[in-house]
Amino acid sequence: KEYFGDYDASSGRDMAYHWRQAEWNPEECVIYGIHGNSSYLFRFEPLLERIEVLDRLAPVSAQRRGVMGMFSHGYLGFTLHPKSSLLYYLTGGPIDAEGGPATRRRNVLGAQGDEEVHLLTFDLATRTGTDYGPIRLVDGSRPSYVQSIGVGKDGAVYALATIRDSVSERTDLMQLRLGGVDE
């Protein structure tokens with residue numbers, strides 16, 4: 001689909017038209033997925049062999065700048081809440097730098113610059129998305145390279161992220177609570 005951009009499938013640097021995470025919705029018998037670099041949310045109906053692009057599910061900072069996702073291969077932080085029509089997506093967006101453009105550079109892990117992780121939701125019933133803004137830890141630091149997500153029975157969102165402090169860098173579990181989200 002042209003929506004997803006122009007990729008070279010023969011290049012090892014592009015993920016081409018592959019997505020990283022998709023969710024089966026048994027109520028509708030469809031698959032929801034995110035195209036990793038463009039951040040387009042799509043719906044695939046296997047029985048009809050039809051793909052519908054629903055919306056661009058990207059942080060407001062990325063949409064405002066008109067930039068692709070910060071992580072070149074997409075994210076694994078995408079899930080459908082098991083008891084509602086709410087999709088959850090953890091993804092990186094550019095860090096707002098005094099109104100200037102985000103610094104874009106490729107590093108070893110595939111990120112194209114410093115990023116802020118955002119939690120986004122998309123309500124399938126109303127077809128509306130929400131960006132809850134950049135995630136900050138209790139000490140004010142930013143998690144990065146989030147490659148997981150889980151929604152607990154307690155309504156919290158859980159994820160593994162890279163956490164940096166003045167001494168080290170580690171992967172650790174973080175818990176997010178959304179005010180006003182009824183689960």
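The values are calculated or read from the model by the stated rules, or taken from the named source; none is laboratory data. All values reported here derive from a predicted model rather than from experimental measurement. So basically every Cβ, Gly included, is an ideal-geometry build from the backbone, and we count neighbours across all protein chains shown. These accessible areas exclude ligands, DNA and RNA; they are computed on the full protein's heavy atoms, side chains included. Shrake-Rupley method; radii C 1.70, N 1.55, O 1.52, S 1.80 Å.
When ligands, DNA and RNA are left out and all protein chains stay put, how many square angstrom of accessible area per residue does the range 133-180 have with a 1.4 Å probe? List each step's numbers first, then the result.
Values: 2850 Å² over 48 residues.
Per residue, the range 133-180 has an accessible area of 59 Å².
Ranked from highest to lowest mean number of other Cβ atoms within 10 Å per residue, what is the order of the peptides 36-45, 165-174?
On the way: 36-45: 19.9, 165-174: 10.1.
Per-residue mean Cβ counts within 10 Å order the peptides as 36-45, 165-174.
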